Amino acid sequence: MIDKTVKNAQEAVADIPSNCMLMMGGFGLSGIPENCISAILELDIDNLTIVSNNAGVDDFGIGLLLKKRMVKKMISSYVGENAEFERQLLSGELEVDLIPQGTLAERVRAGGAGIPAFFTPAGVGTEVAEGKESREFDGKTYLLESWLKADFSIVKAWKGDTAGNLIFKGTARNFNPLMATAGRICIAEVEELVPAGELDPNQIHTPGIYVQRIFQGVNYEKRIEQRTISR
Amino acid sequence: MLTKEQIAQRIAKEVKTGQYINLGIGIPTLVANYIPQNLDVVLQSENGLLGIGPFPTDDNVDPDLINAGKQTITLAKGSALFNSAESFAMIRGGHVHLTILGAMEVSENGDIANWKIPGKMVKGMGGAMDLVASADNIIVAMQHCSKSGESKLLPECSLPITGVKCVKKIVSDLAVMEISPDGGFILKERAPGVSVEEIQSKTAGKLIIEGDIPEMIFD
């Protein structure tokens, strides 16, 4: 069994350079790689392109990287909870590619699966279709969308083992398993790291082949955006 | 005029047993509160869940369980979790029967705009473009007019659209309308106390009025 463990977030992200493309798992603030984001904040790099469904909030998640002006471009589907993001975007300081969420997920999946492009109905007749090839299948129009791949993908799982196998919890799974497959180097931070052999192979969501570095994270805040309670 | 809760309550009457349903953010989320207990339905959350349960109690909150609006939720009995690609595979693949979402504008041919106001608001489309391009049945929950009183039911959308010719039914604070296959808002029901004339005057797109238009009935 190949041991993928690194000591901590600092070691895991140390060689991420400026001008590279990063993928980050998470939906809203759920399932984001908190430890790696904190460690990247300490690096002296900028001009990053980040693929992530959302852009965090002003003072947490990817929002922290935006505030420090480390990000050149975001590729996302929804960025509604981040005022600093919206300000940088409207003022032209930040580039953004907004793409339909299902298209984003599938482009990442395709990148990891060696499928260079696919047709999807999402965005037909809208701004999203501009400049894209379209084709009719069974009387309905579809857009050609291409794969997405990154230099590094950074994911957060619930449990992992030293071989890089990952298990996610709840809706914190979201984009994480997809992004794990589409980074040239995938860094996984997990709440609980166990020796290879201790996780039930039947329960693995992401096989270790996709993961190059793994470590047990610390001090998870798991911030909640909309704490909503039954009455 | 209907409150947001009443719009949700009226839309809930469209739900049928056996349906898998995706509820958008805002008023659509409220629809869940009004689906009759005796109906067997499954709510889909685009971030990777079939079977959204009620909101949690205070000591039952789990940050790893949220809906598409980032609200904390619980798992319903028999729920299933999956990744985002799987989630949109079931949406695009036509496995979700009913989509309920909000709109800033709807046109008389069923186009919907709800993701962008150029130069002002850029939030992104999230899953809305995938949903409207795929679902067979799309119901829109919206206010009939903007805060400044301008109709949001238009001959053509003025804002960047989310999808073309996809809306089937609209429940606004004033009326229930269906989109005619030939274009136009077919008036089906009025909100209690709202006249056909008022709805007509607040609908910029073509309003089709056939026969007597009943008031909505609330249980």
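The values are calculated or read from the model by the stated rules, or taken from the named source; none is laboratory data. Keep in mind it's a predicted model, so treat the numbers as computed, not measured. All Cβ positions, glycine included, derive from the backbone under ideal geometry; neighbour counts span all protein chains shown. We work out accessible area using only protein heavy atoms, side chains counted, and drop any ligands, DNA or RNA first. Shrake-Rupley method; radii C 1.70, N 1.55, O 1.52, S 1.80 Å.
Residue selection: A:Glu106 fails the criterion of being in contact (Cβ under 8 Å) with a residue 60 or more places away in the chain and open to solvent by 10 Å² or more (accessible area, probe 1.4 Å).
Residues are listed down the side, and each one gets a yes or a no for (1) among the hydrophobic types (A, V, I, L, M, F, W, C); (2) at positive phi; (3) in contact with a helix residue (DSSP H, G or I) (Cβ under 9 Å, 6 or more places away or on another chain):
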residue: B:Gln19; (1), (2), (3): no, no, no
residue: B:Leu23; (1), (2), (3): yes, no, yes
residue: B:Leu43; (1), (2), (3): yes, no, yes
residue: B:Gly48; (1), (2), (3): no, yes, yes
residue: B:Gly53; (1), (2), (3): no, no, no
residue: B:Asn60; (1), (2), (3): no, no, no
residue: B:Gln71; (1), (2), (3): no, no, yes
residue: B:Ser79; (1), (2), (3): no, no, no
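For first residues located in segment B:73-94 and facing chain A (nearest Cβ under 8 Å) and in a loop (DSSP other than H, G, I, E, B), partners that are open to solvent by 30 Å² or more (accessible area, probe 1.4 Å) and not acidic (Asp, Glu) and lie 6+ apart or on another chain with Cβ distances below 6 Å form the pairs B:Ile73/B:Ile52; B:Asn83/A:Arg173. Applying the criterion of being open to solvent by less than 10 Å² (accessible area, probe 1.4 Å) and among the polar types (S, T, N, Q) to the residues of segment A:153-181, the residue that is nearest to B:Gly69 (Cα to Cα) is A:Thr171. The number of residues in segment A:109-120 being closer than 23 Å to B:Thr162 by Cα and open to solvent by less than 10 Å² (accessible area, probe 1.4 Å) comes to 1.
For segment B:51-72, filtered to residues that are within 8 Å of chain A (Cβ to nearest Cβ) and outside any loop (DSSP other than H, G, I, E, B), the residue that is nearest to A:Arg107 (Cα to Cα) is B:Ile66. Are any residues in segment A:198-216 in a loop (DSSP other than H, G, I, E, B), within 14 Å of chain B (Cβ to nearest Cβ) and surrounded by 16 or more Cβ atoms within 10 Å (Cβ to Cβ), and if so, which ones? Passing the criteria: A:Ile204, A:His205.
Going residue by residue through segment B:32-42, is there one that turns out to be in a strand (DSSP E or B), over 25 Å from B:Met177 (Cβ atoms), away from chain A (no Cβ under 11 Å) and out of contact with any Phe, Trp or Tyr (no Cβ under 9 Å at 6 or more places or on another chain)? Looking for residues that are in a strand (DSSP E or B), over 25 Å from B:Met177 (Cβ atoms), away from chain A (no Cβ under 11 Å) and out of contact with any Phe, Trp or Tyr (no Cβ under 9 Å at 6 or more places or on another chain), one finds none in segment B:32-42, hence no.
Checked against (1) closer than 30 Å to A:Gly111 by Cα; (2) within 11 Å of another protein chain (Cβ to nearest Cβ); (3) open to solvent by 20 Å² or more (accessible area, probe 1.4 Å), B:Asp136 meets all criteria but (2). Quick check on segment B:105-122. Is at least one of its residues of a type in the set (Val, Ile, Thr), more than 9 Å from chain A (Cβ to nearest Cβ) and open to solvent by less than 30 Å² (accessible area, probe 1.4 Å)? Within segment B:105-122 (the criterion being of a type in the set (Val, Ile, Thr), more than 9 Å from chain A (Cβ to nearest Cβ) and open to solvent by less than 30 Å² (accessible area, probe 1.4 Å)), the answer is yes, since at least one residue qualifies. Could you check, for segment A:127-147, whether at least one of its residues is more than 7 Å from every other protein chain (Cβ to nearest Cβ), among the small types (Gly, Ala, Ser), buried (at least 16 other Cβ atoms within 10 Å of the Cβ) and in contact (Cβ under 8 Å) with a residue 24 or more places away in the chain? Taking every residue of segment A:127-147 in turn, none turns out to be more than 7 Å from every other protein chain (Cβ to nearest Cβ), among the small types (Gly, Ala, Ser), buried (at least 16 other Cβ atoms within 10 Å of the Cβ) and in contact (Cβ under 8 Å) with a residue 24 or more places away in the chain. When residues in segment A:56-96 are screened for being open to solvent by 20 Å² or more (accessible area, probe 1.4 Å) and assigned to a loop (DSSP other than H, G, I, E, B), 9 of them pass.
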